[in-house]
């Protein structure tokens, strides 16, 4: 296998690792700020305990995210110098802004963690809010840089050189809005369901534990509010991708032929040779309806593009289907939880729902990972869509397999450390059953 | 003009990284070198000093990288290609050190595994700044050449020279000195500990002087342009393209070297520098 393959693998592995912590770094501060806000309003000590425990976990996750983010800022150049040479000046601005957001987040996480007894309760809560907001902005800036790779704007191409660079236009490129919306909501969905799963797990054995009941309530509210919005933003994303990157959309839908009244293909085995998707479940006119609100609309297929400009159709299509399935499963779970809540029954007294929530814990992250595979693999063979091919950006450095293996091993190792530490944190919290009375989960 | 502005900001970020991040690395070194009856308390003082700031200090390094690729994209691409190996080694050091620190800092129990993590932390604190000094040194050797956007001097140019190695050792010494000075100020409430760190600061300062001398001597052969900065203008024939790409880095290095070279007089200044920068970030630690 080539150095190019390993360079792509190392980048994919680093991003796949980092994005988990980046998403939790956006979602967790919101949860802890909500918990502390509940404490300020109700003065119930359980909420104070909750925000303290969550902030400890957040600190660990944030530290790992900071670390893997530092590595990524170097890897951009170490693996893709050809890309950075041309694009560095254009995407520098969102990265600089991200630096400021990250710095703010880092400082206020410090203030939050070490300032419990120093600041007034209101100021302390505000510092938590600043962490949450700067985390969101940090994510937004980085995602606009990725959006630029998908929908390059803000420059003119003269003799293979980028001129008349306008960094603001580059940042506000046509793909920014949908990517930013979809990623930010994804962070809330994934964090909400993952945290809900952890606390649901403990509630199965100890349904009256007040700590876990309060935690489950807050996490589920965040998850259940975000998931329907996320489905809507996903619909919007698909329409924008169809407009900006029709080849990517065709690969997502495994749609080889251009047709009017295109069916929506689910699953199946895309076959580039025969240009068919075998064994797929087809919903007649579904794709046309989804993309254009018109069952007879014309949808462009992969056949319109030279095969050398196709992404890997199988990976993109299957990842896309997996992401959508995970999203739909979470939506169903949110509806179920909402139904039980609406009928004023405590969720903790519903063992089957708790089991389902535990099982659904990883779904948000499955959706994030597969969603990014759709974005990134779907952009191939381009590193800057339609402008620069990925293979022309890779480092001339030989032996990339070595850093790939080393960093993969380091990250696996780091993942074990994180799981170990978070488990210890949780086992400390799983104290004796607390009083039953005070709180129902929809507090 | 714009390039100069970016270079000035890079210089500031790099100085801040050296002063604050450097002190973190130095803290890790003194953690590994903690000896005597107060070793445990020394380690505690170090952990308390580093704890709240180390994540924030990453930002200065990231800022240097971002400014470099925004202002000097071709230079960045060349640097990342020519110095791929030491940069990767430095990154591995950063990840190991970070992992060890996370484990130590966020694990409540103290047992045998903790001790192993401390060793990883200490060793990585030595390796990482060594590679950083080496990388900065390599950039100033003038051995890395870029022709038509391609690095033509391979992957081993510059960083294996004696000058670059001397720079690596110098960075180690400088960071150890900075950290000890800083810890002296941070342990005012514990006179015996303060005395420990004061002695470490003085000794590392004494050791740093001859190292700085070696760097200066090695630069005559190893980095002639660098050596000539103080005297007359740089050789105009070659390197013009190169210097325009790397001028930011070179300027940073010059300031950094100057900062350390006459450390006797700068000792107090360095302490106040670090204290000024560090104090407002460290403040929350006092109540922990």
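Just so you know, all these numbers are worked out from the coordinates, no wet-lab data involved. All values derive from a computational prediction rather than experimental measurement. Methodologically, a virtual Cβ is constructed for each residue, glycine included, from the backbone with ideal geometry; neighbour enumeration extends over all protein chains shown.
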For residue A:52 and residue A:239, calculate 0.36 nm times their separation in residues minus their Cα-Cα distance, and state this gained length in nm to one decimal.
63.1 nm
So how tilted is helix A:121-150 from the main axis of chain A? Cα-based, degrees 0 to 90, rounded to 10.
10 degrees
When chain A is treated as a GNM, springs tying every alpha-carbon pair under 10 Å, which of A:56, A:41, A:207 comes out with the largest mean-square fluctuation?
A:41
Cα→Cβ-extended label distance, 7 Å offset, between residue A:355 and residue A:272, nm:
4.4 nm
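Taking neighbour Cβ counts within 10 Å as the exposure measure, how do A:342, B:203 sort from fewest upward?
Numbers: A:342 9, B:203 13.
Final ranking by Cβ density, sparse to dense: A:342, B:203.
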The alpha-carbon center of the range B:124-155 and that of the range B:80-108 are separated, in whole Å, by 18 Å
Separation of the residue A:309 and residue A:283 label points, Cα + 7 Å toward Cβ, nm
3.0 nm
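Quote the FRET efficiency, to the nearest 0.05, computed for residue B:2 versus residue B:152 with a Förster distance R0 of 25 Å and r equal to the Cβ-Cβ distance. Can you show the working numbers first?
Numbers: r = 28 Å, r/R0 = 1.11.
Once rounded, the FRET efficiency stands at 0.35.
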Using alpha carbons only, how many angstrom separate the centre of the range A:1-78 from the centre of the range A:270-287?
38 Å
Could you please rank A:355, A:224, B:167, B:127, placing first whichever residue has the fewest other Cβ atoms within 10 Å of its Cβ?
A:355, B:127, A:224, B:167
Determine, from the Cβ-Cβ distance of residue A:204 and residue A:293 and an R0 of 30 Å, the FRET efficiency 1/(1 + (r/R0)^6), rounded to the nearest 0.05.
0.10
Connecting C-alpha atoms closer than 10 Å in a GNM of chain A, tell me which of A:139, A:217, A:92 has the biggest fluctuation.
A:92
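In deg cm²/dmol, rounded to 500, what helix-only [θ] at 222 nm does chain A give when every DSSP H run of at least 4 residues adds -39500 (n - 2.57) and the total is split over its residues? Please list the in-between numbers first.
Numbers: 13 runs with 309 residues, N = 443.
It comes out at -24500 deg cm²/dmol, rounded to the nearest 500.
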Placing each pseudo-label 7 Å from Cα in the direction of the beta carbon, residue A:116 and residue A:1 end up separated by a distance in nanometres of 4.6 nm
Tilt, helix A:363-379 to longest principal axis of chain A (alpha-carbon atoms), in degrees rounded to tens, equals 20 degrees
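What translational diffusion coefficient, in µm²/s and rounded to a whole number, does the Stokes-Einstein relation yield for the protein assembly as shown at 25 °C and a viscosity of 0.890 mPa s, taking the hydrodynamic radius as the Kirkwood radius over Cα pairs? Let's see the in-between values first.
Numbers: Rh = 27.4 Å.
Rounded, D is 90 µm²/s.
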